[in-house]
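The structure that follows is given in the form of structure tokens.
The values are calculated or read from the model by the stated rules, or taken from the named source; none is laboratory data. Source: prediction; values computed, not measured. Note that we place each Cβ from the backbone using ideal geometry, even for glycine, and neighbour counts take in every protein chain shown. Ligands, DNA and RNA are stripped out before the accessible areas are found, and what is left, the full protein with its side chains, is counted by its heavy atoms. Shrake-Rupley method; radii C 1.70, N 1.55, O 1.52, S 1.80 Å.
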Amino acid sequence: MGREFAKVQPQNSSRHIISNQSSSRSSSSSSIGNSNSEKMRKPLLDERWTSILYTLVAALTYVTAGTMVGWSSGTFRRSGSSSSEPVPLPLLDNWSISLAATPAIVITVTACVVHRCYHWIGTKSFLLTASLLAIGSSALEAYGLTFWSGSAARILAGISAGIAFTLVPSYVDEFGSASRLSAQSRPPLDEILAAAFPLGVLLRFSADLLPQPVDPMWNALRWGTLPGLAFLGLLFLPESARFLCMTGRVSQAAHVLQHTHEPTTQPGLQECLASWQQPGPGLLEALQRQTNLTLLIPLLSLFAFQAFVGALPMLFYLADLLELAGQQHSPEQIAAILVAIFTVTVALSRYLNRSQLHQRPVLVSSALLTALAAIALGWHCHERRTRTLDLTEASTELPFYCFALMYVAYAFGFYRLPGTLLTTEVADENLFALRTLATAICWGSVYLAVRLLPILLSTIGLGWMLWNIALVALSAAGLVLLCLPGQDDYAHKMLPGVCSNSMASSVCSSNSSTPSASTCWPCSTNVPEMFQHSEKPTPGQSDINSNSGIDSGRVTGKGVTY
């Protein structure tokens, strides 16, 4: 019996060894499976490239709006028969001028309507509707042969552009709302969006240089491709985090923001989520809340100067204006080159306008260069009309250089800086409403300028019209010097009697460690647990915070309050 027991004992020990080996193998295989599943769950793009991809998709709506602006420049030159010359710009009838200017006034009305209905519909639904309207506009433009079909196409294009101009800037801001602290680490989201609009104009001007297809179906497919791509891309984009917070879906909004913000910036999103849960003011209510009207009125006036300095309305008739100024080579080719210069300059303006201290001098310099180019070109047109009998022999390259200087100055100054200053100076809770109001002011002014431009050409001529543009540019420079603050980083958001978003957390941290709910509203607002700060800092975190010199309570969704 002893021998038999001795034989059984090594068998049991070998079984234990085998079971231990199998358990270790199963645990190692499970750990390998968990690591593989984590690798599979990891997205292909990091947060920075995800925000850039989302911005590129949203920017397709701006490209479509640019094709709407560039439509009239080539269409009116092809409107005549093949054997006759195109109708000169000063001789355009009222119907043609109305076709060119209709989208601008439609954008003005649409911006106000979208702001009113945004709380019920949301950003994504609105942008999908804008893409479908742009596709319908392309089809009507291709197949329509009457004035009324052309008017319907331009109205649909104006509604689509109005939705994009109202909602896309705020939507793109959400992709980098916590990254505005550091301009170096922030992705170039604003630059992508700004360059998309002149890129659309360039695509339309470049297409005018190619042979036009006879079959209208090809025209409909060609110009319906951009909004079609925008529609397909928007289907995969998330809903706006701002709209989700307004409808009570804060956890879903926090999950959306995690895809576009790095882990180091995600704690700063707590204040953004808290502020977005509050109901936004209306257009007039935002004006009343923004008590520093002595600064707000000049800022909104800059959006009117965006149109009246002439660069934007001239895009509607650029080829005709070049021909009237005596451009030597093909006006269509020179117009495409000018818009290409404009697009590249907008993309490069990021490096010049990186510091807020440079915005006011750049605006003044932009206005002065625009006035200089307009005076020189106006004098050339005046001399050409008064001292030259044969206008065909007076062709020169001077109009190209003057227009190029005008568009370079416009790209660095009045194209982007009024919106940047508005974002910097106004309170965060009023920004969406005031942006909508600025869009309405800008495109209402564009409508007036596009309507008046052919009338002024037929009454006073191109030279005097350019001199009037020079006076407007000089007036804009005077407004910037007299009414805007000398240091653009001054904290105008801190208004007396108002607990703004930028002051909320600093008030909480200075008054008491556990403030009451009535001290400031962000403390009493529900915030997802993923963005809540722990009470005890990690080792070394206090040293980092003391060295950085940045108070977390002074971080807003738009930047740093100095």
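Rounded, prolate or oblate for region 378-471? Axes are the square roots of the Cα gyration tensor eigenvalues, ordered a ≥ b ≥ c, and the cut-off for rounded is a/c under 1.5.
Because a/c hits 1.5 or more and a/b exceeds b/c, region 378-471 counts as prolate.
Note down the relative contact order for region 44-279 as a percent, whole number, built from C-alpha pairs under 8 angstrom at least six residues apart.
36
Run the numbers for THR264 and VAL109: contour at 0.36 nm per residue of separation, minus the present Cα-Cα distance, in nm.
The span from THR264 to VAL109 would gain 51.7 nm if fully extended.
Convex hull over the Cα atoms of region 233-338, averaged projected area in nm²?
For region 233-338, the mean projected area of the Cα convex hull comes to 12.0 nm².
Report the gain in length on full extension from LEU56 to HIS255: 0.36 nm times residue separation, minus Cα-Cα distance, nm rounded to one decimal.
Fully extending the segment from LEU56 to HIS255 adds 69.6 nm.
Rolling a 1.4 angstrom probe over the protein heavy atoms, how many square angstrom per residue are accessible across region 44-279?
Using a 1.4 Å probe on heavy atoms only, each residue of region 44-279 averages 42 Å².
Okay, which of region 400-428 sit inside 20 Å, backbone N to the point 7 Å along the Cα-Cβ direction of ASN292?
Correct set: 417-428.
Something else now. Please sort 473-482, 124-133 by packing, taking for each peptide the average over its residues of neighbouring beta carbons within 10 angstrom, highest first.
Peptide ranking by packing, descending: 124-133, 473-482.
Rank-order 101-113, 228-240 by packing density, defined as the average count of other C-beta atoms within 10 Å over each peptide's residues, highest first.
101-113, 228-240
Oh, and also: Using only the Cα atoms of region 113-232, build the gyration tensor, take square roots of its eigenvalues as a ≥ b ≥ c, and label the shape rounded, prolate or oblate: rounded if a/c is under 1.5, else prolate if a/b is larger than b/c, else oblate.
oblate
Given the C-alpha centroids of region 413-487 and region 110-159, what is the distance between them in whole angstrom?
Region 413-487 and region 110-159 have Cα centres spaced 25 Å from each other.
Then there's this: Sort the following peptides by mean Cβ neighbour count (other Cβ atoms within 10 Å, averaged over residues), highest first: 401-409, 50-58.
Most protected by this proxy first, the peptides run 401-409, 50-58.
Once R0 is set to 30 Å, what does the formula 1/(1 + (r/R0)^6) return for the Cβ-Cβ distance between HIS382 and HIS329, expressed as a FRET efficiency to the nearest 0.05?
The calculated FRET efficiency here is 0.85.
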